[in-house]
Amino acid sequence: MKHIRIISPSGVIDPAYIEQASSRLRAWGYKVSEGAYARAQWGRFAGTDEQRASDLNAALADSDVDFILCSRGGYGLQRIIDRIAPIGKPIIGFSDITALHQLSAYHDQFSIHGIMCKHIATLPEESEPIMSLRRLLADERMDYHWPAHPLNQLGTVYAPIVGGNLSVLYGLQGTKYGLKSVMDNGQWTMDNRPILLIEDICERHYHIDRMIRNLKLSGVLAHLSGLIVGQFTDCEDDPGMGCSIYETIKEAVADYDYPILFNAPVGHVEHNLPLRLHSTIHMDVTPDGASITGDSFVHPQRHV
């Protein structure tokens, strides 16, 4: 029986969501346990920095734990990421959990960008995010097909996905956990550059422009093999920018010919489909739509 440990490395969470998510995961056939401080509160955080780091390191050190499910995002991981042991098992989550996905990438460990306790607890069993998470936890094939978008850039690529929340990625730039450092760390060759995933919530249009320009100026955008643009929830278009947020992103990558997929159902929305990160996938963007497929865990330096 696979074992899922629930921890709260960032913001404080309503304990009811942990209980309800645990019940559903057990119904799926998993053993479920909680970190000692999963339900703690210290201001806006789920416990002190020391407590949150302790829970995460304990889960990483426990040989009986197969997956680490983060209860929620929020904010807090940037305060403790330098205290975390090497990642050697899959982390599940999104938003602030992007920091752990970056640490996972640094240590060449696949992870899952996907729903956490609230949505595991509350979404219908037949909903696509729930069914897709069950498939990924069971190491089954990832297989998505999405409608065409007018800003898509056509092409096909085999490569691993990296990234997640744009604001978190921006906050890690210039550190060893930043995209450029992770990409230079040796996991991916020049012939197998990664696909970048970005999404965000409640950010000003001009700030999104600032962040995406930072990725361009730092050389990140030039060293990709593809781009997945997810949901920018509660991010309003600024008339003063003269275009939409998606068009701002498209302008920043205008110099590159790799495939680009816009409006992917990934991010701060209920229909948030899980993606297996740091494992080679097949992304195909055509005039009729886009697809992302991948067979279980495939190492980034091998092709599917």
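No value in this document is a laboratory result; all are computed from the given coordinates. For clarity, every value in this text was computed on a predicted model and none was experimentally measured. Here Cβ is always computed from backbone atoms with ideal geometry, including for glycine, and neighbour counts include all displayed protein chains.
A dipole drawn for the chain from +1 and -1 charges on Cβ atoms has a positive end, and of Ala36, His145, Phe262 the residue lying farthest that way is Ala36. When peptides 77-90, 1-14 are sorted by average Cβ neighbour count within 10 Å, with the highest value leading, the order is 1-14, 77-90. For the stretch 60-76, the Karplus equation 6.51 cos²θ - 1.76 cosθ + 1.60, evaluated at θ = phi - 60°, returns couplings of 5, 7, 7, 5, 7, 8, 9, 10, 10, 9, 7, 5, 6, x, x, 7, x Hz by residue, with Gly and Pro reported as x. Charged neighbours of Asp143, selected by a Cβ distance under 13 Å, balance to -1 (K, R count +1; D, E count -1). Residue-wise HN-Hα couplings along the stretch 81-90, as the Karplus relation 6.51 cos²θ - 1.76 cosθ + 1.60 with θ = phi - 60° gives them from phi, are 4, 6, 9, 8, 5, x, 7, x, 8, x Hz; Gly and Pro carry x. 3J(HN,Hα) along the stretch 99-108, derived from phi through the Karplus expression 6.51 cos²θ - 1.76 cosθ + 1.60 where θ = phi - 60°, amounts to 4, 6, 5, 5, 5, 4, 4, 4, 9, 6 Hz, with x in place of Gly and Pro. Every helix of 4 or more DSSP H residues in the chain counts as -39500 (n - 2.57), and over all residues that averages to -8000 deg cm²/dmol at 222 nm. Full extension of the segment from Arg83 to Asp139, taken as 0.36 nm per residue of separation minus the current Cα-Cα distance, would add 17.2 nm. Simple rule: put +1 on each Lys or Arg Cβ and -1 on each Asp or Glu Cβ in the stretch 142-294, find the dipole, and look at Thr175, Val285, Cys243; the Cα lying farthest toward the positive end is Thr175. Under 5 Å from the amide H of Glu34 lie the amide H atoms of Ile6, each residue being 5 or more positions distant or on a separate chain, with H modelled from the backbone and absent for Pro and chain starts. Rounding to the nearest 10 and keeping the result within 0 to 90°, find how far the Cα-based axis of helix 15-27 lies from the longest principal axis of the chain. For helix 15-27, the angle is close to 90 degrees. For the chain, a simple Cβ point-charge model (Lys and Arg +1, Asp and Glu -1, everything else neutral) yields a dipole of about 780 debye relative to the Cα centre.
Taking amide hydrogens as placed 1.01 Å from N in the peptide plane, the amide H of Leu277 sits under 5 Å from those of Ser111, Ile112, His113, each at least 5 positions away in sequence or on another chain. Each Lys and Arg adds +1 at its Cβ and each Asp and Glu adds -1 at its Cβ; summed about the Cα centre, the stretch 3-137 shows a dipole of about 120 debye. Roughly how tilted is helix 128-137, in degrees to the nearest 10 and between 0 and 90, from the longest Cα axis of the chain? Result, in degrees: 70. Around the amide H of Phe232, modelled in the peptide plane, lie the amide H atoms of Asp200, all under 5 Å away and 5 or more residues distant in sequence or on another chain. For the chain, the residue among Gln231, Ile4, Thr122 whose Cα projects farthest onto the positive side of the dipole built from Cβ charges is Ile4.
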